[in-house]
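First comes the structure, then the notes that go with it.
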Amino acid sequence: MTAALGNASAFEIAAAVKERSISAAEVTRSALARISALNPKLNCFTRVLTERAEAEAHAIDRKITLRQDPGPLAGVPFAVKDLFDVRGIPTLAGSTIRANAPAAQQDATAITSLNQAGAILVGTLNMDEFAYGFVTENHHYGPTHNPHDLQRSAGGSSGGSAAAVAAGITPLSLGTDTNGSIRVPASFCGVFGLKPTYGRLSREGAFLFAASLDTIGPFARTVKDLATAFDAMQGHDAADPVSTARGPEPVANQLDRGIQGLRIAIAGGYFVDVEAADANHAVAAIARALNVTDVVDLPDPARARAAAFIITAAEGGHHHLSDLRSQPGKFDPNTRTRLIAGALAPSAWVLYAQRFRSWYRLEMAKIFARVDVIIAPSTPCPAVHIGQKTIRWHGAEVPARANLGVFTQPVSFVGLPVLNVPVARPDKLPIGVQLIAAPYNEAALFRVAGLLEANRAVSAPVASI
Amino acid sequence: LSDPAQLRVREFVDAGARMIELPIREEDLLRVVEDVARIEAVAKFLMQFELDQNIQPAPAFEP
């Protein structure tokens, strides 16, 4: 199995570890070797946690020797966006400002949950500074390259998380999503990515960007792996003030249920740009695979995006106000001026955006009374080139960095759960499609994704590098 | 910064930055003005949408 570990799913690795056909230590050594071999080309890892990973692997192997349950992710290597607290090291969040911050006293809750499920943390992953971006062209740590085409962006802000999984370095990773930071890189890198319902997974120990929008979530190359990781992280956490009090609602047992009884529709209007051929074809392929023809128009998504933009700017600016005053020179200049502008946003704009959010939430609830899952493109195009300045959007050249989230921002704005599925298109650059559901209905998303994967309409093959 | 529209935003930026005690570097000024102007344009677009007066700002912690 050793030679094939880069292609193996988390489920396959855990099964092999549990039946002792390979040890967790061997799996870990293999993952560390792939980091050494591939990271110089990809620049997706910011720190490699060799000693910690070896110790965790040893603990899993010991549990197996003692015939104790090592967990559903026994011996599975994973890595996290560089904004999750990792015990013993400072949390950089893609910045240099925090290089001298005190080392984290404990792991983020999500890391603890995955460790408890048997997974092994091997490193931290590159991102846009403070998660403010869609391209992971980090001013301090360099760009992350897309494993499917090294000249192209991995997307952002969780670009390292998507690239590590797409390259087969780890079968699982964690990222965060404020306005599309899981879905955009998942689309560009051709992997599954879940932005759960706001409040569903604990953010304790994650360095936040815009607190009323931020969620954490997993990346994987199979739906089952994504579901297993999601299930492992569910549960109330009193340490995160927005953590839901609802009990866990496992989804791994939903994958084979099929879609009978689910009402599925395609997002129309704003989500259809005649020039976005790849995105249109991707949505059409998913609709065809599901035999869906109904179209639903979301209530003014352009203004939802506008409101999300204002709230993000204001919350982000406020969050960093102290450092903007005391050490402005340490920010990426691009990040700095946007954060300053956000800090200056008048309350009249921000409160109007928050009022619009209330209205939009009610309107979306009306839609979800008649539709269970909505299909929409994740990105307007496949991965852009690193450094690319513009993309085409509704007949005009628009700045790429600001507009890669055109389809993701209006959705996450009201905390909806969204699963990016990578559309199967051999010999072409990947592109993803969003499956969107009502709050806390992740189960419906996994049922749809499970069927699509079984029918081979979606897949996430390891990139050839 | 000679365009009247930019000068208008600059006045706002100068006053706002003083109010929240946020010094702005000279080399950042133009970009900050552009970024604030962008937020203003987005806000104006948003506020063309007329909301019922009874609609309150969204609570932070509810999806």
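Taken together, the values in this text are just the output of simple stated rules run on the coordinates, not laboratory data. What you are looking at is a predicted structure, and each value in this text was computed from that prediction instead of being measured. Using ideal geometry, Cβ is built from the backbone for each residue, glycine included, and neighbour counts are taken over all protein chains shown.
So which lysines pass the test for A:Lys63, namely a Cα distance under 17 Å, with those fewer than 8 places away in the same chain ruled out?
In chain and number order, the partners are A:Lys18.
Going by amide H atoms built from the backbone, whose H comes under 5 Å of the H on A:Val295, apart from near neighbours?
Under 5 Å from the amide H of A:Val295 lie the amide H atoms of A:Ile266, each far enough along the sequence or on another chain.
Which of the listed residues, A:Thr215, A:Tyr132, A:Ala276, is farthest toward the dipole's positive end in the protein assembly as shown, when Lys, Arg count +1 and Asp, Glu count -1 at the beta-carbon?
Highest projection toward the positive end goes to A:Ala276.
Run through all the Cα pairs of chain B and give the fraction in each 5 Å bin from 0, expressed as whole percent.
Percent of pairs per bin, in order: 4, 14, 19, 19, 13, 13, 11, 6, 2.
Return the lysines within reach of A:Lys330: Cα separation strictly under 27 angstrom, same-chain partners fewer than 8 residues apart disregarded; answer none if there are no such residues.
Qualifying lysines at Cα under 27 Å: A:Lys41, A:Lys81, A:Lys389.
May I ask for the equivalent-ellipsoid semi-axes of the stretch A:334-393, computed as the square root of five times each C-alpha gyration tensor eigenvalue and listed largest first in whole Å? Show your work: numbers first, answer last.
Values: eigenvalues 166, 129, 10 Å².
After diagonalising the Cα gyration tensor, the semi-axes are 29, 25, 7 Å.
Placing one identical point scatterer on every Cα of the stretch A:2-454 and ignoring solvent, what is log10 I(q)/I(0) from the Debye formula at q = 0.06, 0.11 Å⁻¹?
Taken in order of the listed q values, log10 I(q)/I(0) reads -0.22, -0.79.
If you put +1 on each Lys and Arg Cβ and -1 on each Asp and Glu Cβ, how big is the dipole of the stretch A:2-454 around its Cα centre, in Debye rounded to 20?
240 debye
Any number yet on Rg/Rh for the stretch A:286-331, C-alpha, Kirkwood?
1.38
Could you tell me the center-to-center distance, by alpha carbons, between the stretch B:1-61 and the stretch A:419-460 in angstrom?
38 Å
Starting from the amide H of A:Ala424, placed 1.01 Å from N in the peptide plane, find each other amide H under 5 Å away whose residue is 5 or more places distant or on another chain.
Amide H neighbours of A:Ala424, under 5 Å, 5+ apart: A:Val458, A:Ser459.
Per residue of the stretch A:399-412, what does 6.51 cos²θ - 1.76 cosθ + 1.60 with θ = phi - 60° give for ³J(HN,Hα)? Whole Hz please, x for Gly and Pro, Karplus curve as stated.
Using θ = phi - 60°, the values come out as x, 5, 4, 7, 10, 6, x, 4, 8, 8, 4, x, 8, 6 Hz.
Rounded to the nearest 500, what is chain A's calculated 222 nm mean residue ellipticity when only DSSP H runs of at least 4 contribute -39500 (n - 2.57) each, over all residues?
Here the helix-only value at 222 nm equals -11500 deg cm²/dmol.
Cross-link candidates for A:Lys366: which lysines have Cα within less than 26 Å, leaving aside residues fewer than 8 places away along the same chain?
Reachable lysines: A:Lys195.
Once the mean 1/r over all distinct Cα pairs of the stretch A:345-448 is inverted, what Kirkwood radius in angstroms do you read off?
For the stretch A:345-448, inverting the mean 1/r across all distinct Cα pairs yields 15.7 Å.
Let me check against my output: what whole-number percent is the relative contact order of chain A, with C-alpha pairs under 8 Å and at least 6 apart?
It rounds to 17 percent for chain A.
Arrange the following residues from fewest to most other Cβ atoms within 10 Å of their Cβ: B:Met19, B:Met47, A:Met233.
Ranking B:Met19, B:Met47, A:Met233 by Cβ neighbours within 10 Å, fewest first, gives B:Met19, B:Met47, A:Met233.
Which ordering of A:Cys44, A:Cys381 is given by a fewest-first count of other beta-carbon atoms within 10 Å?
Details: A:Cys44 32, A:Cys381 23.
Final ranking by Cβ density, sparse to dense: A:Cys381, A:Cys44.
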